[in-house]
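Colleague: Below is a structure I'd like to ask you about.
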Amino acid sequence: MSPDISLHLLGQLLWKAVAVSAPLLLTVLVVGLAVSIFQVVTQIQEMSLTFIPKLLASVAILVLIGPWMLGQLIAYSSSLIRSIPRLV
């Protein structure tokens, strides 16, 4: 396998990882920002107030988008495994 092919595969892997993790990370970012703004406005500084909404949002996103995420990972893995004879 040449270095060009391995760098191409690494690039595909990184972009797939970004695409799969982006919905979860963006959701947690938006929820965290909303909770922080709420805490600043109300001056409530409770630590569980920042943790619990992020946890609930993460679980909700994983339930809703989890099958898509799994499908993307399976498709990438199967295409990579199928291309092993061609790459070696």
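The values are calculated or read from the model by the stated rules, or taken from the named source; none is laboratory data. Keep in mind that this is a model prediction, so the values were computed, not measured. All Cβ positions, even for glycine, are placed from backbone atoms using ideal geometry, and neighbour counts span all protein chains on display.
Colleague: Take residues that are among the small types (Gly, Ala, Ser) and modelled with pLDDT of 95 or more and tell me which of the helices (runs of 4 or more DSSP H) falling wholly in the chain contain 1 or more.
Modeller: 3-42, 47-82
Colleague: Let me ask something additional. Pull out all pairs, ordered by first then second residue, where Cβ-Cβ is under 6 Å, the residues are six or more apart or on different chains, the first lies in segment 67-83 and is closer than 18 Å to His8 by Cα, and the second is at pLDDT below 95 and among the polar types (S, T, N, Q).
Modeller: Nothing qualifies.
Colleague: Which number in (1) in contact with a helix residue (DSSP H, G or I) (Cβ under 9 Å, 6 or more places away or on another chain); (2) surrounded by fewer than 12 Cβ atoms within 10 Å (Cβ to Cβ) marks the one condition that Leu24 misses?
Modeller: (2)
Colleague: When segment 35-46 is examined, which residues are found to be free of Cβ contacts under 8 Å to residues at least 12 places away in the same chain and either of a type outside the set (Phe, Trp, Tyr) or loosely packed, with under 12 Cβ neighbours inside 10 Å (or both)?
Modeller: If the condition is that a residue be free of Cβ contacts under 8 Å to residues at least 12 places away in the same chain and either of a type outside the set (Phe, Trp, Tyr) or loosely packed, with under 12 Cβ neighbours inside 10 Å (or both), then Ile37, Gln39, Val40, Val41, Thr42, Gln43, Ile44, Gln45, Glu46 are the ones that fit.
Colleague: Which members of segment 48-71 meet the condition of being of a type in the set (S, T, N, Q) and surrounded by 14 or more Cβ atoms within 10 Å (Cβ to Cβ)?
Modeller: The answer is Thr50, Ser58.
Colleague: Give me the pairs, please: first residue somewhere in segment 1-18 and exposed (fewer than 12 other Cβ atoms within 10 Å of the Cβ), second residue anywhere and not in a helix (DSSP H, G or I), beta-carbon distance under 9 Å, and either six or more positions apart or on two chains.
Modeller: Met1/Val88
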